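Q: Before I ask anything, here is the structure I am working with.
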Amino acid sequence: MNNGAIVSLIDVHKTYRTGEMEVLAVRGVSLEIKRGEFVALMGASGSGKSTLMNILGCLDRPTTGHYILDGADVSRLDRDRLADIRNRKIGFVFQNFNLLPRTSARENVELPLVYSPQRLTHSELREKADRVLVSVGLAGREDHYPSQLSGGQQQRVAVARALINQPEVLLADEPTGNLDSRTSVEIMAIFQQLNERGITVIMVTHEPDIAAYAKRNVMMRDGVILNDHLVSQRADAASQLQNGTPRPLSAPGTDLTM
Amino acid sequence: MRVGPTFNVALRALRRNKLRSVLTALGIIIGVGAVIAMVGIGNGAKAQVEAQIASLGQNVILIFSGSTTSSGIRTGWGGAGTLKIEDAEAIRREVPGVIGVSEEVVSTTQVAAGNQNWFTRIYGESADYFDIRQWPLADGAPFTSQDVRSANKVCVIGRTTASQIYGNENPIGQILRIKEVPFTITGMLTPKGLSTQGVDQDDIVIMPYTSAMKRVIGGTNLRNINVQIADPQQLEAAQQQIVSLLRQRHNIRPGRDDDFTVRNQQEIAQAATATSRVMTLLLGAIAGVSLVVGGIGIMNIMLVSVTERTREIGVRMAVGAHGTDILTQFLIEAVTLSSVGGVIGIICGIGASKVLSAYANWPTLISISSVAIAFLFSAAVGIFFGFYPARKAAALDPIEALRYE
């Protein structure tokens, strides 16, 4: 099964029990995502895509079935082991940014390193965080609080935070849900750039326009995969931005690999 | 394992909410400050009582006449007049280890000199009295055994009485009229201050007991006998011997009550210090209640903080925080609040007791142990009241926490 697949789900079920009711949120999903893919996970609310996303993000465990992440079965790990996996292998981007309030952009980006096994000095932390912030086009905003940043800038801080531990997989849950269309395109440009540098991106969205920036779309309905196809006419965020108001995302030649 | 960074995280969170942190710590500051000040006052009072008890003299046995029940009426100490001069002489003669005996009679009366007069206490004593009480003279000389034998009209006076009668004049050698009998003042006592009962011990005239009985008070009974023993080891034995000697002299048959009361100074000291210990405990307990209230304040704020920061906790867990990291973070916040509050409280408490000693003239005594206990207790309050909110935070489900509005 380890044929270049970074993520593989094998017949995953997830059942919630609320009182007497049993809710079958995910019922039999098998999915393989290779290194370097850019997958949009789509579906209406209640389709099970959020549950699947939580399992992919190691925030939750499947009731039955297996989840192989980077060659290791993580479907039966305990809370703390899952936390370690999240820290090392997964970067999260949320719809509502989830930055710590009254905390500078730099400190927000440093957050995953606080819980990382590698011990860095204060100045190493700072240097590393600043480098990632520059790479998402936030040079000069290191000391700003989230309240002093626009929605797009806040989401870029969140992307920087997701990237700081050099994760295998970037998981984005409705990353453009709280952004206007232009800012959404900016964030998609960053995602596409990152993906070209080899980072696997999995993104939940219900907007077909946004899903068009991905390489592959997976549609879910009622807890199962309805269809799974490659995007034929892929949208290119960078060229859209250039054709529209020309405003570069980041300085030319910025290195996203850190 | 990651306590260092977690410590920084916790301190940063406290700094983010400065006013709230200060107000929360204020509860502990007041609690610890109150404990320190109250225990300081209690200990100060205790030390003062102990010093006063010690000033009664060392290895002293007091024998009071009375508590007679012959007619069914108990008259209390010194009431019945059962102690005779001969009893004191017998003790002096027959009880081993006795180094001093003072026959004591007490009265209050008007004393006068020139156109000044003053109502004071008259003590009749033997010449041993000043040694027994360890009460040296500030000036002049005490009366002698010869004065006692001859019932001479001599006396020594306390500082208060002297200043009331003579003002700033030197009283030594002056004549003091006591019940119209002229007494020559031979000496002035060193001041002792207030007794445990608040009586001014320097408002006194001391004269040979023979003179007091013959010329001032009248009667042939002693109120009490003060006995000093050489060796504290012999105190118990001497006390028993005195009891059996006096029972024999007073012809008390076995099974009947004594017609006198014997107390030693240690018993009196124990009773007095027990009282002040109870007072210290009581003050400390009342102050302790405010410390507990401060702890509840911390718990309250930590619970609010956990609810408020549910999303933050979710984010931290999503990026790799273990439950123990979150637990440690909130515990450190609580313990920092309580122990910083504790340190400030200790400083405030010491300050408050200094102010009390300086302006209200209350003796206070801050011991290292009370400071250490107050500090450890405040840290313990932080752990105790911080644990529940911290555990609540650590037990949050990251998915729920991230979605929390």
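The values are calculated or read from the model by the stated rules, or taken from the named source; none is laboratory data. Since we're looking at a predicted model, the values are computed, not measured. Every residue, glycine among them, receives a Cβ derived from its backbone with ideal geometry; neighbour counts consider all protein chains shown.
Q: Looking at the stretch B:370-388, can you tell me whether even one residue there is among the aliphatic types (A, V, I, L, M) and not in a helix (DSSP H, G or I)?
A: No, the stretch B:370-388 contains no residue that is among the aliphatic types (A, V, I, L, M) and not in a helix (DSSP H, G or I).
Q: Here is a check on your reading of the model: is residue B:356 away from chain A (no Cβ under 14 Å) and modelled with pLDDT under 90?
A: Spelling it out, residue B:356 is indeed away from chain A (no Cβ under 14 Å) and modelled with pLDDT under 90.
Q: Evaluate the following for residue B:84: is it charged (D, E, K, R), at pLDDT 85 or above and more than 36 Å from the chain's Cα centre (by Cα)?
A: Here the answer is no, as residue B:84 does not meet what is asked.
Q: Next question. Considering only the stretch A:83-107, how many residues are in a strand (DSSP E or B) and more than 8 Å from chain B (Cβ to nearest Cβ)?
A: Taking the stretch A:83-107 as the starting set, the residues that turn out to be in a strand (DSSP E or B) are A:90-93.
With more than 8 Å from chain B (Cβ to nearest Cβ) added as a condition, the list becomes A:90-91, A:93.
Result for the stretch A:83-107: 3.
Q: Does residue A:184 satisfy being closer than 19 Å to residue A:241 by Cα and hydroxyl-bearing (Ser, Thr, Tyr)? Show your work before the answer.
A: Details: closer than 19 Å to residue A:241 by Cα: yes; hydroxyl-bearing (Ser, Thr, Tyr): yes.
When the stated conditions are applied, residue A:184 passes them.
Q: In the stretch B:352-363, what residues are touching a residue at least 12 places away in the same chain (Cβ under 8 Å) and either not hydroxyl-bearing (Ser, Thr, Tyr) or not assigned by TED's automatic domain parsing to the domain that holds residue B:377 (or both)?
A: If the condition is that a residue be touching a residue at least 12 places away in the same chain (Cβ under 8 Å) and either not hydroxyl-bearing (Ser, Thr, Tyr) or not assigned by TED's automatic domain parsing to the domain that holds residue B:377 (or both), then B:352, B:356, B:362, B:363 are the ones that fit.
Q: Would you call residue A:75 more than 22 Å from residue B:396 (Cα to Cα) and hydroxyl-bearing (Ser, Thr, Tyr)?
A: Criteria not met by residue A:75.
Q: Under the condition of being farther than 27 Å from residue B:33 by Cα and free of Cβ contacts under 8 Å to residues at least 60 places away in the same chain, which residue from the stretch B:312-348 is nearest to the other protein chains (Cβ to nearest Cβ)?
A: Step by step, filter the stretch B:312-348, then rank; the result is B:320.
Q: Another question, then. Are there any pairs, at least 6 apart or on different chains, whose C-beta atoms fall under 7 Å, with the first in the stretch B:1-23 and more than 11 Å from chain A (Cβ to nearest Cβ) and the second charged (D, E, K, R), and if so, which?
A: Listed by first residue and then by second, the contacts come to B:10/B:333; B:14/B:333.
Q: Let me ask another. With at the interface with chain B (Cβ under 9 Å from one of its Cβ atoms) and out of contact with any Lys or Arg (no Cβ under 9 Å at 6 or more places or on another chain) as the only criterion, which of A:80, A:73, A:60 stands out?
A: Only one candidate qualifies: A:80.
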